[in-house]
Amino acid sequence: MTLSIAFVGMTHLGICSAVAAAEHGANVVCVHFDEDRIRELRSGRLPISEPRLDELFTANRERMQFSSDATVLAQCDLVYIAPDVPTDSEGRSDVRLVESLLEQVDAAVPGETPVVILSQVSPGFSRSHPRRNGQLFYQVETLIFGRAMERALYPERFIVGCIDPDDGKPSALPAPLREFLEGFGCPILCMRYESAELAKISINVCLAASLSAANTLAELCEGVGAEWSEIVPALRLDRRIGGYAYIEAGLGIAGGNIERDLASVIRLSRQAGTSARVIESFVENSHYRRDWALRTLHARSGGRRFARIAVLGIAYKPDTASTKNSPALELARALTPFEISTYDPLVPASALEHARVRPATSALDACSDADALVIMTPWQEFRELKPVDLAQRLRGRLVIDPFGVLDRNLCREAGLDHQLLGSPRATSASRTIDHDVHRGTDRSRAEDHA
Amino acid sequence: MEHLNSTAENPLRTVVLGASGFVGKSLSSRLGAAGAPVLPLSSKEIDLCKASAGEELRLRLRDGDALVFVSAIAPCKTPASLIQNLAMARAVCVAAAEVELAQVVYISSDAVYRDGVNPVSESSRADSDSLHGVMHRAREVMLSTTVRAPLAVLRPSLLYGAADPHNGYGPNRFRRQAARGEKIVLFGEGEEQRDHVLVDDVAEVIYRVLARRSLGTLNIATGRSPSFREVAQIVAALDPSSGPIEATPRKLPIVHRHFDITEMLKTFPDFRYTSIEDGLVKSRADSSDR
């Protein structure tokens, strides 16, 4: 019999998870207690953008129903609570919506129906919100903006927190949940609520550790004449580090989710009386690296005054419209006396807090008569730009390209002063290192695990 | 740092405490060039160490004044001078509490940061273990806890310029040694890297802080830290009469200081520091001991 699974909370996480469940053959009930959102979804309009999402949504439309009425939950085999959890500027989560949905769901479904919290909550949350029969579970999600469908369809493993995990095997799970998860063909790890809640945070902290080390060493490369892009492949071949490690240099950590987990660890450590100094250093390093483009822009200006600066990319990374903690926003705030000409494939220029922004119609248009170019998001579209075309449009020669989306040799031939993260400061314009090794990889900011 | 004035405008009047000093003179000159009214005060007018100094200062202040506190007994190397410096700050606190000032600007020092912290930024912990650093930090705290007006705390790195009355190790001493045809003597090989700021740039930053009525903490440093040997080589190249550069046996471990000047770039994006090369040319041109 086909499972009937409900997802409550139709924001980024809920929508992507619901579509993935439908793609895996379940009948999916999408619930959101706001009729406008439900009407939007029924009409096929999705409020978020993710690669493959539109296609999969359309393909599975027949297996998905939409409702703003909690009574539909009573007939479901399994209910996921999956709204996005907002965070404030300090990285603190606001879980009031999760609590409210949990109450409404609990009132609407029979006591034996398993309810799974998919939204991220802090250690202790699940145990402090008990359900009858212990039928409350916390499932770790590792959504990545821009890769959400890939992650939802092909997870590496499932981590499930239970009130009492017994021996940690999937047999501890109720049949509908076990059946659904086993359909993905990946390991299922059952553990105590608190362990699962902290496991989610631990994943992001480990990613932050790798990123912080990479960013620290990339900056050192700039100072001692080394080339971080030459070092990265060597590290990836070390099994202890690994081929998928987060060791590309970037402009700190953005997107909001890793920052949230770092803030959580700092807060929890203070409460528990444990040391989180190293985590505080990650945060500090992230803020410091975020401003790399600004420092480089001024340092390479040669004392010249800027009139117009072209900024390509506003999103915090490619393939998303999210600008949460995007370094482009911070850069724009620091360029108040100068005009900014900007273009992003998804984000409107109005996202920049700046009094003198000229929205451009294309990347090349943004470069017209600019004294310097800064490429803040490594969109694929920008990788296809020809440096010779840029040189013709730009008034100045300075190109700040943290992620190396442009070919360095072609930039040099076009007479551009091309500045790249992790490259020697003094000689970067004259070096001829082949960066093909990067081009197939994502030199974007930290891919953000929600 | 935050600007209370959206555009630059001269303060109604700026009272400069320590106006006869190296920075005070330069600032008074900058304010004068901008047509900004200045009341320069030095120890001749008010001895801030005296018990009555607070009241004396209060009588000279008017509502709406901006007050720049740049006077200090420096370097502060003894407990006695620490107490004197704190007494000076007490006098300023007493006076500032009685007047509706538009702004208070305290010229502190990068000595508030412990040696070996790199790169130093405004968020670095100000936990110096030197008396001089502790003195400045204590004054900062005294002002921040008692002054009601917007407070700007500026922490300059090492200063140089033609009129520097001190002859400490660095650009000023090197320039004078070169002018006299003497050897330029380095400690060790002159490996230590330091950020040297031309006094004119310090005056310019203070002026901008006054004109924008800024509040918060800002380091004044160029973001470039050449070694003392590099500075000596620039000086020697500028002065044909210079003797050779001479190393001496090292007595102390090497400690570098670099600055992260991101906050300055954000606070005054269109400000450019004078390079050490240009600054030394200017210092030499302005100097009477060429």
Ranking B:Met88, A:Met191 from most to least accessible area with a 1.4 Å probe gives A:Met191, B:Met88
DSSP beta bridges in the protein assembly as shown: the antiparallel percent, rounded to 5, is 10 percent
Interchain or sequence-distant (5+) residues whose placed amide H lies within less than 5 Å of the amide H of A:Val374 are A:Ala310, A:Val311, A:Leu312, A:Ile400
Segment B:38-109 and segment A:1-43 have their Cα centres apart by a whole-number Å value of 68 Å
State whether segment A:57-128 is rounded, prolate or oblate according to the following rule on the C-alpha gyration tensor (a ≥ b ≥ c being the square roots of its eigenvalues): a/c under 1.5 gives rounded; otherwise a/b larger than b/c gives prolate, and the remaining case gives oblate. oblate
Dipole size in debye (nearest 20) for chain B around its Cα centre, Lys and Arg Cβ +1, Asp and Glu Cβ -1? 400 debye
Quick one: which residues, 5+ away or cross-chain, put their amide H under 5 Å from the amide H of B:Ala152? H built at 1.01 Å from N. B:Val104, B:Val105, B:Tyr106, B:Gly216
Note the full-extension length gain between A:Ser269 and A:Asp389 as 0.36 nm times their separation in residues minus their Cα-Cα distance, in nm to one decimal. 38.0 nm
Could you give the accessible area per residue of segment A:292-439, probe 1.4 Å, as a whole number in Å²? 38 Å²
How about segment B:252-290: which of its residues lose at least 30 Å² of accessible area in the presence of all protein chains relative to their chain isolated, using a 1.4 Å probe? B:Asp260, B:Thr262, B:Leu265, B:Lys266, B:Pro269, B:Asp270, B:Arg272
Roll a 1.4 Å probe over the protein heavy atoms and report the accessible area of A:His129 in Å², nearest 10. 40 Å²
Please give me the summed charge of the neighbours of B:Val141: other residues whose Cβ is under 14 Å from its Cβ, Lys and Arg +1, Asp and Glu -1. +3
Scan around B:Ile245 for amide H atoms under 5 Å from its own, H built in the peptide plane at 1.01 Å from N, and keep only partners 5 or more places away or cross-chain. B:Ile184
Accessible area of chain A with a 1.4 Å probe: how many percent of it is carbon plus sulfur? 51 percent
Accessible area in the full protein assembly, largest first, 1.4 Å probe, for B:Ser6, A:Ser362: B:Ser6, A:Ser362
Defining a contact as two alpha carbons under 8 Å apart and six or more residues distant in sequence, what relative contact order in percent does chain B show? 22 percent
Carbon and sulfur: what percent of chain B's accessible surface (1.4 Å probe)? 53 percent
In a Gaussian network model over chain A where Cα atoms closer than 10 Å are linked, find which of A:Glu35, A:Glu339, A:Glu23 has the largest mean-square fluctuation. A:Glu35
Using each residue's phi in segment A:90-96, evaluate 6.51 cos²θ - 1.76 cosθ + 1.60 at θ = phi - 60° and report the 3J(HN,Hα) Karplus result to the nearest Hz, with x for Gly and Pro. 8, x, 7, 7, 10, 9, 4
Cα-based count: Lys pairs in the protein assembly as shown below 25 Å, eight or more positions apart or different chains? 15
Net charge of neighbours whose Cβ lies under 14 Å from the Cβ of A:Asp69, counting Lys and Arg as +1 and Asp and Glu as -1: +1
Counting heavy atoms of the protein chains only and a 1.4 Å probe, report the per residue accessible area for segment A:4-186 as a whole number of Å². 42 Å²
Å² of accessible area per residue within chain B, as computed with a 1.4 Å probe and no ligands counted: 43 Å²
Compute the accessible area of each residue in segment A:256-290 twice, once for its chain alone and once with every protein chain present, using a 1.4 Å probe on heavy atoms, and list those whose area falls by at least 10 Å². A:Glu284, A:Tyr288
Residue-level accessible surface for B:Glu191, protein heavy atoms, 1.4 Å, Å²: 60 Å²
When chain B is treated as a GNM, springs tying every alpha-carbon pair under 10 Å, which of B:Leu215, B:Leu252, B:Leu159 comes out with the largest mean-square fluctuation? B:Leu252
The alpha-carbon pair-distance distribution computed for the protein assembly as shown, with 20 angstrom bins and whole-percent values, is 15, 39, 32, 13, 1
Accessible heavy-atom area order of B:Arg212, A:Arg408, highest first, probe of 1.4 Å: B:Arg212, A:Arg408
With a point put 7 Å past each Cα toward its Cβ, work out how far A:Ala307 is from B:Arg58 in nm, to one decimal. 5.5 nm
From the phi angles alone, apply the Karplus equation (6.51, -1.76, 1.60; θ = phi - 60°) to segment B:194-201 and give each ³J(HN,Hα) in whole Hz, x where the residue is Gly or Pro. 9, 9, 9, 10, 5, 4, 4, 5
Looks like segment A:1-130, by Cα gyration tensor root eigenvalues a ≥ b ≥ c and the a/c under 1.5 rounded cutoff (else prolate when a/b is bigger than b/c, oblate otherwise), is oblate
Note: B vs A interface, total accessible area buried (1.4 Å probe; ligands, DNA, RNA excluded), nearest 100 Å², is 1100 Å²
For a quick check of understanding: with a 1.4 angstrom probe and all protein chains in place, what accessible area in square angstrom does A:Arg333 have, to the nearest ten? 100 Å²
Within 10 Å of each candidate Cβ there may be at most 15 other Cβ atoms; applying that plus a DSSP loop requirement, which GluC sites (Glu not before Pro) in segment B:90-177 survive? B:Glu98, B:Glu100
Using θ = phi - 60° and the Karplus relation 6.51 cos²θ - 1.76 cosθ + 1.60, list the HN-Hα couplings for segment A:59-64 in order, rounded to whole Hz, with x at every Gly or Pro. 5, 10, 3, 5, 8, 10
Express in nm, to one decimal, how much length is gained between A:Arg92 and A:Asp417 on full extension, taking 0.36 nm for each residue of separation and deducting their alpha carbon distance. 112.9 nm
Expressed as a whole number of Å, what is the distance separating the alpha-carbon centroids of segment B:226-290 and segment A:116-187? 61 Å
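The values are calculated or read from the model by the stated rules, or taken from the named source; none is laboratory data. Predicted model only: the values in this text are computed from it and were never measured. Glycine gets a Cβ as well: all are built from the backbone with ideal geometry, and neighbour counts include every protein chain shown. SASA here: full protein model, heavy atoms, side chains in, ligands and nucleic acids out. Shrake-Rupley method; radii C 1.70, N 1.55, O 1.52, S 1.80 Å.
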